[in-house]
Amino acid sequence: MKRLHYISGVTITVFIGLHLLNHFLSVFGEEVHIKFMDQLRVVYRNVFIEFILFVTVLIQIISGLKLFISKRKSLVTYFDKLQVWTGLYLAFFLLIHVSAVLSGRYFLSLDTNFYFGVAGLNTSPFNLFFFPYYSLAIISFFGHIAAVHYQKMKKNFIGLSVKQQSKIIFLIGIVFTVITFYGLTNGFSGVKIPEEYNVLIGK
């Protein structure tokens, strides 16, 4: 179960890494974000790849919950606890986020692009939910990687201990989150949402 969780985790990490890079590029404008997204969709927007991703997400969530149940009483270090709690939040987020994207695509007939993702983030009072919802997801992603790095890495690197390396990874995640939110909210001044996406924010 642990090995299955690790393999599915590595697979999802590649996709999420590209997905987050896509969001990060919004710092350079909405058009840059959408252009890069269209290029990525050539790869993952096909039945075969999407099926693999959906199955991998399910495996990750189910195996993660089983590992949590079996290990919840043996958490000792800070990074043990960080891995578990970030993993639980990521499982919650992936379940909701994937369901939302599928609903938007098949029930609302919307292009689940940049505007689909940021509609609630740029609309009050919905942003009171979406800011912590999205930010905790990104930070949890980096926190989970930091915790796994702490467990798997055995050597110092450029004079940094494994614990220091893991803390730097976590810190990078926090900085990355702030910069990404700057792009997703047009410099925190707000993004103008196209009319067809108003259904997402009750307009």
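The values are calculated or read from the model by the stated rules, or taken from the named source; none is laboratory data. What you see is a predicted model, and the numbers here were worked out from it, not measured in a lab. Cβ sites come from the backbone with ideal geometry, for glycine too, and all protein chains shown count toward neighbours.
Just to check your reading of the model, which residue among F141, F176, F188 is hydrophobic (A, V, I, L, M, F, W, C) and within 17 Å of F126 (Cβ to Cβ)?
None of the others qualify; the one that does is F188.
Here is a list of conditions, (1) surrounded by fewer than 14 Cβ atoms within 10 Å (Cβ to Cβ); (2) in contact with an Asp or Glu (Cβ under 7 Å, 6 or more places away or on another chain); (3) of a type in the set (A, V, I, L, M, F, W, C), and V55 meets all of them except one; can you say which number that is?
Exception for V55: condition (2).
Would you check if S140 is surrounded by fewer than 18 Cβ atoms within 10 Å (Cβ to Cβ), hydroxyl-bearing (S, T, Y), under 26 Å from V84 (Cα atoms) and at pLDDT 95 or above?
no
Only one of (1) of a type in the set (F, W, Y); (2) at pLDDT 90 or above; (3) farther than 22 Å from L184 by Cβ is not met by Y78, so which one is it?
Failing condition for Y78: (2).
Could you give me the residue pairs with C-beta distances under 6 Å whose first residue belongs to the range 108-129 and is of a type in the set (G, A, S), whose second residue is surrounded by fewer than 19 Cβ atoms within 10 Å (Cβ to Cβ) and assigned to a helix (DSSP H, G or I) wherever it lies, and which are 6+ apart or on separate chains?
Short answer, once both residue conditions are applied: A119/I201; G120/F130.
What residue, among those in the range 6-46 that are charged (D, E, K, R) and part of a helix (DSSP H, G or I), is surrounded by the most Cβ atoms within 10 Å (Cβ to Cβ)? Write out each step before concluding.
The first filter runs over the range 6-46 and keeps only residues charged (D, E, K, R), leaving 30-31, 35, 38, 41, 45.
Cutting the leftovers down to part of a helix (DSSP H, G or I) gives us 30-31, 35, 38, 41.
Values: E30: 18, E31: 11, K35: 12, D38: 11, R41: 11.
Within the range 6-46, the match that is surrounded by the most Cβ atoms within 10 Å (Cβ to Cβ) is E30.
Please name all residue pairs, on different chains or six or more residues apart, with Cβ atoms under 7 Å, provided the first residue is in the range 69-90 and is without any contact (Cβ under 8 Å) to a residue 40 or more places away in the chain and within 26 Å of I16 (Cα to Cα) and the second residue is surrounded by 12 or more Cβ atoms within 10 Å (Cβ to Cβ) and not β-branched (V, I, T).
Close Cβ pairs (under 7 Å, with a partner that is surrounded by 12 or more Cβ atoms within 10 Å (Cβ to Cβ) and not β-branched (V, I, T)) amount to K81/L75; V84/F68; V84/L75; L88/F68.
Residue by residue through the range 108-141, note down the ones that are in a helix (DSSP H, G or I), of a type in the set (V, I, T) and within 22 Å of V57 (Cα to Cα).
Passing the criteria: I138, I139.
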